[in-house]
Structures are given as structure tokens and as C-alpha cells.
Amino acid sequence: MASDLLNLGTQSVLTAQRQLNTTGHNISNVNTEGYSRQSVIQGTNAPRQYGGQTYGMGVHVDNVRRSWDQFAVNELNLSTTSYAFKRDTEENLEMLSGMLSSVASKKIPENMNEWFDAVKSLADSPNDVGARKVLLEKAGLVTQNFNDFHESIRLQSDNTARKLDLGIERMNQLALEIRDLHRLMMRTPGPHNDLMDEHEKLVAELSEFTKVTVTPRANAEGFNIHIGNGHTLVSGTEASQLTMLDGYPDVKQRRLAMIEGEGVKAITSKDIDGKIGAMLEMRDKHLPHLVDELGKLATTFSYEVNKLQDQGLDLRGNIGGLIFTDVNSEVVAKSRVVTSSNSQADLAVFIEDTSKIIGGQYSLQYNGSDYYITRPDGEQSVVPVVGNEILVDGVRIEIRNGLEAGERVLIRPTRSGAAQMQMETNDPADIAAQSYEASTTFAQGSATFEINAAGSLREFEVVVSPTGQEFAVTDTKGNVLLQPQQYPPSGPVTVQGTTFTISGGALPNDKFTANLVPSEGDNGNLLKMQNIQTDKKLNDGESTVLDIYHDLNTNVGLKMSTASRLTDVARLEKESAQERIASISGVNLDEEAANMMKFQQAYMASSRIMQAANDTFNTILQLR
């Protein structure tokens, strides 16, 4: 019995000692991030039978349990991902709002208004060379502002790309650290309480970058770590790595990919969320929207000014030339199309109607029989191809060499508009102050009549025959200057040095008139240029040119305000999840102090059991 008593006391002392050790471990790690409280689970030893009676044999340690709740941990990981995404989105929008509120940005509408003021001043004295120089100087400031602000956005885009690379690099490091932790767990017997704390800490950090799902593997072989919508980053003791691939068809718009062994698999960024999701949204949505709207403003302004220049006479009596870059030049038109590096497609995009232009990116795809276009809002539809041309939202897509079956190209009508805007003249005499008449007053059809160059012929009429199959050119008295020709003509028509174009769509007997006679002091074209400032031609007649800038500023501000509220909600959700984790896994010093006293008393009492066993044994030995 003494040996049983000694054994009982020994086990009781060891149990109390382990409880004291565990309590001390908890107290020591009270400030350790990610630490989960541990507790000793003790059990009663199997009893023994003596003389038909059952006697208890003391206590033993069943397990050292970690205070942990899978659902609470999953909730924290999800809320961490959501908060990281919304917080970074708010910061990104705040940065964009700051850019739009900067001095460089505010100079855009200021200098455009100064340009319109210079137009009004020149209208008072159209032949004043000094006023013409001022107008060109203001035009140069406008182009410089657009170029500089576009460059600022481009630099921010580059910065976002570098941050994305750093984020991917850290995710890869975390994947390797989690893999190594799994291998350590496999080599050492469990339970792995402290290692599991480290594991959850790494997963929590990974959750800041992307959505994470953790699933246990069979036979205690670690865990599978999935990111996004199910891509396996870590599988037990093996880890994959993330990388960035060249985009398709835009190689600069790189895509996420996963390296698995010797293969590389592109993965969709859908449901990535977290910091990586916020950076991708910044790169692919917020920054492109800003530069598209800025390009839309620059493109529309250039187009309307150049269009009026083409409808007036300069100081020398010639038809006005370009002031700004021609938005429909061959180089600019082809730059609006993005094809893959090995594509044989040849397309060009021309601006036809600025009132219908939509800033954003279109996707054009050919399935072997039809062309499908996806608009910036995501709407997809089949588009007809008439004469190798597609008309959509105020732009004309000219297909010179078609797409292969299954091929896709990107159309960006205004993406580079601000960067490509340049001055095309420094000669004050080139400003077309006088408005000439190129009238369709006597035309009932839909044909357009435009003057391309002014020669010796200054006043004339273009008359369509009663059959509608021919046209002729006469002077104002009816004298024939050009004998009847086939209508519509195949190209520009030149008579006595004056060149004009006339499109199809005229009805029989339609008449078009032109008057290119210079008039000293005429300011009719300048008065039309003034109207660009106030005419609501954009967004289907709802906005002026400057409204685009102000609307952009307002929209970014509203998005930032909404993002701020969503961030506050996400922060509260994360804090709630952290509080729940703390209530389950956190160390309470008051509780641990009470446990320390309780286990200390148990240790002392157990040692007295051993002392009693020792005294009993000595008494037996002393019997003779």
C-alpha cells in the first residue's frame, strides 16, 4: 500500500508541476502576438481492486489543450482580408483625390478657361498679332498641363506595379515559411500547440494579402492553404510560388500566375481580395478611369478646336490648319488599338462624334463568323461590320486586316489622349478667326460637305442631278465649272485649286454652297470657338468640356467617401473577430494568478502524500 501511496503522490506532484509549468508558460506569453492560452487536461487513473473493493490510483495528464475555435479563426481571417482590401482601396482613392486636388491638376481647367478668355480677347480684334500670340501661348500651357498630369498618373501606375511585385514576393515567402512549419510538424510528435500558433500567425499575415482558406489534410499531414477562389498555394509539405505573366493582349497589363513544378498556370484575379486585390483594382480600374477621362477631355477639346479651324480662314485667307494634334491622324488612330505581340491584325480607331464617346476600354473579339464587342460597362453584343468598319459609341473602327478566329484586341479610344496632345503650329497667322460658309442649307439628304483646301475658287455651288447619280460644280451665277461627275465621288474633288469632299446620302437636286472670300476683321469662327466652353455636347448632351474634369473630381470624392464608410465597417468587423479570439484564446492574468495559487497548493498537498508514504514505509522497516 505504501508503494501505491507513493506512486499516487508522485503522479499527483508531476501533474501539479505540469499545471504550474503550463500556467507559467501562459503568463510568460501574455504579450506574445498570436499566442493561444494552453491548459492541462488531467484524468483519473484506472482504479485497482483489493479485497473486493475499488481503490483510486490518482491522476495523470491526458493532454495539454490549446484554447482554439476554428470558426473564430476563419472569421478573423476573412475579416482581415476584407479590412485590408477596403483600407487600401480607401488609401488609393484618397491618393487619387489628392492628385485631382493638386496644383498641377487644378491648372487644367484654369488654363483652359484662360484659353477661352484669350479667344474672346482675340474676337475683339481678330487681326491683332499680339492677341494671336497670347492665344497660342495659352494653348501651349493647356497641352503642357495635360502632358504633365498624364505623366503623374503613369508614374503612379508604375508605383502600383512595383508594390504589386513586392506583395507577391512576400506571399511567396509566407508560403515557404508555412511549408517549412508543416515539415517541422511532420518530424515532431504532437500536439503542436506553439507551432500551431505560429502557423495561424503566418496564415493571418497571408490573409492581409488575399483571401485564404485552410483545410486539414488526412492522417495529420499538415494543411492545404488555398488563396482566391481555390488556388492551392501550400499543399502539406509542398509550396507553389506566385509570379506575374505578360498580359494578353496587352503585355504591360500583367496577370497573376502560379508556378507548379515546372509549369506556370495563369490564375484569375477574381476573389483575390485583400491588399493584392486592392492593388489590382487600382491598376486595372481606378487609374485607367482617371486617365481615360483625362484623355476624353483632351481629345474632345482638340477635336472641337481643330474642327472649327477647318471651317474657317486664317489671317492669310487660307483654310485654317491644326492647332493641336490631329486626334484622327494615322499614328494616333492606330495607337488606340492594343493587339498581342504575335497578332497579324491591323486596325485603326477614328473619332467620329465626341458627344457619344465613352471613356474606358473595349474588348473586340472574333469567333470566326461574328465580331463581339464588350463595352466598358461589361455589356457584350454582336456588332455589324459594314465596309470593313464598325461604328460604336461615336468611334469608327477600321478593320484593315481582320482578326483570327478566337483572337481578341483591346480598344482604348481616349487612354493616351492627354499624352498625345501637342501644339501643331506656332504661327499666329494660322488661327482661323474668320468663318466661311460651307452650307447644306439647300440639301435635304444626309450627305456631308466639307472644304479641305482653298484655292483660287472662293465661291461655288455643288449641285446633285435630278437623277441623283451625278453632281456638277457651278459658280454663283450658274456657270458650270466642273462637268457632271459620278455621284458620290470616290475621293476629294479639286476645282481651280479648291478641294472639297462630299459624302453619299444626298437626294436629287440637293445643293451645297461654299463662300471662301476673306473678310477683313471677321471673327465668326472665334465666336464659335467660345461656344466650346459652354456647349453641352458631351455625354449625350449633358456635359460641357470642363464638366468632364469637375465630374471626375466629384466622382472620385464620392468613391473615397463610400470607401471610407466601408473601411469603418470592415474595421469594426475585424475588431469584433479579434475580441472573440481574445475571449477564447487570450491569457487572463488574474485567472492565471488564481490558477498558479491553486496548482501550487495542489503541488504542496501532493508532496505531503509522498511524505506520508515515506513515513509509512520507514515505520514498516523499523518493525522487528
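The values are calculated or read from the model by the stated rules, or taken from the named source; none is laboratory data. Quick caveat, the model's predicted, so the values are computed rather than measured. We place every Cβ from the backbone using ideal geometry, glycine too, and count neighbours over all the protein chains shown. Side chains are part of the model used for accessible areas, which takes the heavy atoms of the whole protein and leaves out ligands, DNA and RNA. Shrake-Rupley method; radii C 1.70, N 1.55, O 1.52, S 1.80 Å.
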- Taking the stretch 362-382 and keeping residues closer than 23 Å to residue 538 by Cα and open to solvent by less than 60 Å² (accessible area, probe 1.4 Å) leaves 362, 363, 373, 374, 375, 376, 378
- Task: Filter the stretch 337-361 for residues that are open to solvent by less than 20 Å² (accessible area, probe 1.4 Å), closer than 17 Å to residue 293 by Cα and not small (Gly, Ala, Ser) and give the result.
- Result: 351, 354, 357
- Query: Can you tell me which residues in the stretch 506-540 are acidic (Asp, Glu), exposed (fewer than 15 other Cβ atoms within 10 Å of the Cβ) and within 23 Å of residue 317 (Cα to Cα)?
  - Reply: 520
- Message: Contact list please: Cβ distance under 8 Å, first residue in the stretch 196-207 and closer than 17 Å to residue 67 by Cβ and in contact (Cβ under 8 Å) with a residue 40 or more places away in the chain, second residue basic (Lys, Arg) and open to solvent by 10 Å² or more (accessible area, probe 1.4 Å), pairs at least six apart or on different chains.
- Response: 196/66; 197/66
- Could you tell me which residue of the stretch 266-286 is surrounded by the fewest Cβ atoms within 10 Å (Cβ to Cβ), considering only residues that are touching a strand residue (DSSP E or B) at 6+ places or on another chain (Cβ under 7 Å) and farther than 14 Å from residue 226 by Cβ? 266
- Residue pairs within 7 Å by beta carbon, gap of at least six or interchain, first lying in the stretch 55-76 and closer than 30 Å to residue 215 by Cβ and open to solvent by less than 60 Å² (accessible area, probe 1.4 Å), second assigned to a helix (DSSP H, G or I) and hydroxyl-bearing (Ser, Thr, Tyr), listed first then second, are 64/22; 67/585
- Item | Members of the stretch 429-474 found to be part of a strand (DSSP E or B), in contact (Cβ under 8 Å) with a residue 60 or more places away in the chain and not polar (S, T, N, Q), listed by number | 437, 438, 442, 449, 450, 451, 453
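Conditions tested, residue by residue: (1) touching a Ser or Thr at 6+ places or on another chain (Cβ under 9 Å); (2) among the acidic types (Asp, Glu); (3) surrounded by fewer than 16 Cβ atoms within 10 Å (Cβ to Cβ).
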| residue | (1), (2), (3) |
| --- | --- |
| 414 | yes, no, no |
| 429 | no, no, yes |
| 432 | no, no, no |
| 455 | yes, no, yes |
| 459 | yes, yes, yes |
| 478 | no, no, yes |
| 484 | yes, no, yes |
| 489 | yes, no, yes |
| 492 | yes, no, yes |
- Note on the structure: Within the stretch 134-179, restricting to residues that are closer than 30 Å to residue 546 by Cα and among the charged types (D, E, K, R), the one that is surrounded by the fewest Cβ atoms within 10 Å (Cβ to Cβ) is 158
- Item | Breaking point among (1) part of a strand (DSSP E or B); (2) open to solvent by less than 30 Å² (accessible area, probe 1.4 Å); (3) modelled with pLDDT of 90 or more, for residue 418 | (1)
- Task: Enumerate the pairs (first residue in the stretch 603-624 and under 15 Å from residue 11 (Cα atoms) and open to solvent by less than 100 Å² (accessible area, probe 1.4 Å); second residue anywhere and β-branched (Val, Ile, Thr) and in a helix (DSSP H, G or I)) with beta-carbon separation below 7 Å, excluding pairs fewer than 6 apart on the same chain, so at least 6 apart or on different chains.
- Result: 603/13; 606/13; 607/13; 610/10; 610/13
